[in-house]
There are 2 protein chains.
Amino acid sequence: MSICSLACIQCAYPGSITSSVEHHIRLIRAAANEGAQVIVLQELFQQPYVGARVDEAHFSDASAVDGALIQQMSALSKELAIWLVVPFFEQAGPGVYYNAAVVLDDQGERVLHYRKNHIPEDPGFHEKYYFAPGDLGYPVVDTPWGKLGVLICWDQWFPEAARVLALQGAQLVVYPTAIGSLETESKTEMAAFHDAWQTIQRSHAIANGVFVAAVNRVGVESGTTFWGHSFVAGPFGEILAEAGEKEEILHATLDLSEVETVRKTWPFFRDRRIDTYAPLLKRWTQ
Amino acid sequence: MSICSLACIQCAYPGSITSSVEHHIRLIRAAANEGAQVIVLQELFQQPYVGARVDEAHFSDASAVDGALIQQMSALSKELAIWLVVPFFEQAGPGVYYNAAVVLDDQGERVLHYRKNHIPEDPGFHEKYYFAPGDLGYPVVDTPWGKLGVLICWDQWFPEAARVLALQGAQLVVYPTAIGSLETESKTEMAAFHDAWQTIQRSHAIANGVFVAAVNRVGVESGTTFWGHSFVAGPFGEILAEAGEKEEILHATLDLSEVETVRKTWPFFRDRRIDTYAPLLKRWTQ
């Protein structure tokens, strides 16, 4: 049983956390009704993209991993008998916050907890202000269809992260994301950024022989236009499904047994020169 | 002085090693005459692609790194005052062979010696029969324009190799290559393979903020159709120049100072989580 029906929920922040959670619940119900077995939400799903500005007020909206928000989503995943990837603003203790995600199984059990390892701090993306770097490694979880791993947004630019997940057996890597264009950027820059964003994630599929799904928000927040274009790629980088720039439930059917098929044709894991990779553990080698 | 005129020489094997060397010399002279300052040849430039078949006879055509072939190319690089990347079948000792490359500077000095680290062994690509795995690490060399590193063909599928070169300061990574389609493959497969091949190399440019140049042969040998399409990509993965499927001298002008510009916008090296990458040194983690 390796064939899995995946849905990515891409939407805009509707102006309040309450309405955002309600809106997501409606979309999750719709996706499940359309047959989805695994549903992936976008980064910090219930909130605006907090990194757009430095604003202490956002800390008040964080949730504990066993708090009311995750309990609510857990009840929903159990009710609908779906697997749900829920990215959220986690408060772990007084003054300790992470950009995190949990995977809830079809019984509503929390079966994976990930904290974003690579944290950006750039114009419009002030995440080092909010989030400590992740400290839970790169977990994977067994699903009925195969092994699933979660990475979040900025992680997607680092080949190391996808490789570590693949080495731990991941056959499907999902990337909840919030990426868009600033008002200062031209259409040409936006097109170049979008192309690079899709290319680097397709390359993780190719290098590792895994399925990749990226889930990006849409809409305009604090001057940033989130560009959507959520997509799913197969284990040789081919695009299986791609969303536009508006709200959308993106469905794809994945046969995770293709991972082994592709790796027989392109046996990269046989040939990695692990005896030569020690410099990867350094910041810089000069 | 960071602006460099690069040329990639893409051609077919003309049927004998003597005629192949002569043909390359003509093309190198032409490229230099057209203004190239750095010229990159394709993998195993003077030979047929030996990996197509297992044939003991090919060992007799290997060259020592200080032998006649490299001396001849060295004299040429000095005469033309060009930098030359020469990939060749190296014999290091009795029964010890590598898929190697040297860089010759504009004085004809050998300033870099690389031995291919990742060796394929697949239908039509029987390189483990011929070549020991590389044992010279991932060297880089200072040129008047910036730092240059060389990787060879199968290396291109491994993000680790490009990353190590970048960590050692490489601003331009060149990939001499011999990749093509077998007679058993459909046009659809060939298109998918070509797309993945270009995508993974563009992704190394993106992940590392480096220029990438891939140089692939053309023509049909032992049933394999080498697809050419040599290309040069900028440090955010954009295609700067691309060849077709016939013999061609592909020129591109590179400003290696763009590497630092791009890395200010996309500061991936700041955020690598080197404390989490230890699993990269393992074959598999389960």
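The values are calculated or read from the model by the stated rules, or taken from the named source; none is laboratory data. Predicted model only: the values in this text are computed from it and were never measured. Glycine also receives a Cβ, built like all others from the backbone with ideal geometry; neighbour counts cover every protein chain displayed. Ligands, DNA and RNA are stripped out before the accessible areas are found, and what is left, the full protein with its side chains, is counted by its heavy atoms. Shrake-Rupley method; radii C 1.70, N 1.55, O 1.52, S 1.80 Å.
A few points about this structure:
- Among residues of region A:21-43 being assigned to a loop (DSSP other than H, G, I, E, B) and of a type in the set (A, V, I, L, M), the one that is nearest to the chain's Cα centre (by Cα) is A:Leu41.
- Of the residues examined, A:Ser222 is one that is on the phi > 0 side of the Ramachandran plot and surrounded by fewer than 21 Cβ atoms within 10 Å (Cβ to Cβ).
- Residues in region B:227-249 that are closer than 21 Å to A:Ile200 by Cβ and part of a loop (DSSP other than H, G, I, E, B): B:His229, B:Gly234, B:Pro235, B:Phe236, B:Gly237, B:Glu238.
- Scoring A:Lys116 on the criteria (1) basic (Lys, Arg); (2) touching a strand residue (DSSP E or B) at 6+ places or on another chain (Cβ under 6 Å); (3) open to solvent by 50 Å² or more (accessible area, probe 1.4 Å) leaves a single failure, condition (3).
- Test: A:Val54 is over 22 Å from A:Val174 (Cα atoms) and assigned to a loop (DSSP other than H, G, I, E, B): yes
To keep it simple, each residue is scored yes or no on (1) without any contact (Cβ under 8 Å) to a residue 24 or more places away in the chain; (2) within 14 Å of chain B (Cβ to nearest Cβ); (3) not acidic (Asp, Glu).
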| residue | (1), (2), (3) |
| --- | --- |
| A:Ser222 | no, no, yes |
| A:Glu248 | no, no, no |
| A:His251 | no, no, yes |
| A:Leu256 | no, no, yes |
| A:Phe268 | no, yes, yes |
| A:Thr276 | yes, yes, yes |
| A:Pro279 | yes, yes, yes |
| A:Trp284 | yes, yes, yes |
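- Among the residues of region B:66-84, those that are crowded, with 18+ Cβ neighbours inside 10 Å and of a type in the set (Gly, Ala, Ser) comprise B:Ser74, B:Ser77.
- Scanning region B:50-65 for residues being open to solvent by 10 Å² or more (accessible area, probe 1.4 Å) and in contact (Cβ under 8 Å) with a residue 12 or more places away in the chain gives a total of 10.
- Residue check, B:Val174 modelled with pLDDT of 95 or more, out of contact with any helix residue (DSSP H, G or I) (no Cβ under 7 Å at 6 or more places or on another chain) and surrounded by 24 or more Cβ atoms within 10 Å (Cβ to Cβ): yes
- Restricting region B:1-11 to residues that are over 16 Å from the mean Cα position of the chain (by Cα) and either within 19 Å of B:Gln72 (Cβ to Cβ) or not in a strand (DSSP E or B) (or both), the residue that is modelled with the lowest pLDDT is B:Met1.
- Criterion: within 12 Å of another protein chain (Cβ to nearest Cβ) and within 19 Å of the chain's Cα centre (by Cα) - qualifying residue of A:Ala233, A:Ala214: A:Ala233
- Those residues of region B:85-107 which are open to solvent by 10 Å² or more (accessible area, probe 1.4 Å) and either of a type outside the set (S, T, N, Q) or within 14 Å of chain A (Cβ to nearest Cβ) (or both), in sequence order: B:Ala92, B:Gly93, B:Pro94, B:Gly95, B:Val96, B:Tyr97, B:Tyr98, B:Asp105, B:Asp106
- Selected residue (only one of B:Leu69, B:Leu84 is part of a strand (DSSP E or B) and under 18 Å from B:Arg26 (Cβ atoms)): B:Leu84
- Subset of region B:184-207 (residues that are away from chain A (no Cβ under 12 Å), open to solvent by 50 Å² or more (accessible area, probe 1.4 Å) and in contact with a strand residue (DSSP E or B) (Cβ under 8 Å, 6 or more places away or on another chain)): none
- If you check B:Ser20, B:Ser63 for being in contact with a helix residue (DSSP H, G or I) (Cβ under 9 Å, 6 or more places away or on another chain) and of a type in the set (S, T, N, Q), only one passes: B:Ser63.
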